[in-house]
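Every read-out reported here was derived from the displayed coordinates using simple, explicitly stated rules and does not represent laboratory data. Keep in mind that what you see is a predicted model, and the values were worked out from it rather than measured. Glycine gets a Cβ as well: all are built from the backbone with ideal geometry, and neighbour counts include every protein chain shown.
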Amino acid sequence: MVRTAFLALRSPQEQDPSEMIRGLASREEAHLVLVEDAVYNALDPRRAESLKEVAHEIYVAKDDLAAKGFSEADLKAGRVADYEGIVELIMEETERTVTL
């Protein structure tokens, strides 16, 4: 099993990360990190459910979420992580990284 960090940057209107993940890794292998406009994926109930089906863990960048006026209480999927935690995930807990 190759644990993979998927780093999603784009808004839900631009890209659906669940489709890309589905084609590249099993649910158990996939760790999704939502940054920049991709944090909106974790706020929409329908998109959040889709992400939970394809990713074992979902992390939402704390600073990007706050910059858009939201907090952890608004999330429909995942948990908030600071940039230090995201770097640790990518460097220590996964074997490869895919930027979406």
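What size of dipole, in debye to the nearest 20, comes out for the chain about its Cα centre when the only charges are +1 on Lys and Arg C-beta atoms and -1 on Asp and Glu C-beta atoms?
320 debye
For Gln13 and Ala67, compute 0.36 nm times the residue count separating them, minus their Cα-Cα distance, and round to one decimal in nm.
Fully extending the segment from Gln13 to Ala67 adds 17.6 nm.
Pick out which of Ala77, Ala67, Ala38 has the largest mean-square fluctuation in a Gaussian network model of the chain, springs linking Cα atoms closer than 10 Å.
In this elastic network of the chain, the residue with the biggest mean-square fluctuation among Ala77, Ala67, Ala38 is Ala67.
All other residues with a Cβ under 10 Å from the Cβ of Arg79 taken together, and with Lys, Arg as +1 and Asp, Glu as -1, what is their net charge? Provide the component values of the computation, followed by the final result.
On the way: positive: Lys62; negative: Glu57, Glu72.
Around Arg79, the charge tally is -1.
Amide H to amide H, which residues 5 or more places from Phe6 or on other chains are under 5 Å from it, using H placed in the peptide plane?
The list, which skips near neighbours in sequence, is His31, Leu32, Val33, Val98.
Using the Cβ atoms and a cut-off under 12 Å, what net charge is assigned to the surroundings of Arg3, where Lys and Arg are +1 and Asp and Glu are -1? Intermediate values should be presented prior to the final figure.
On the way: positive: Arg27, Arg96; negative: Glu28, Glu29, Glu57, Glu92, Glu93, Glu95.
Around Arg3, the charge tally is -4.
Convert each backbone phi in the range 65-80 into a coupling constant with the Karplus relation 6.51 cos²θ - 1.76 cosθ + 1.60 (shift: θ = phi - 60°), then list the ³J(HN,Hα) values in order as whole Hz, x for Gly and Pro.
5, 5, 5, 9, x, 10, 10, 4, 4, 7, 5, 9, 7, x, 9, 6
Around Ala30, under 13 Å between beta carbons, what's the net of Lys plus Arg minus Asp minus Glu among the other residues?
Once positives and negatives cancel, what remains is -2.
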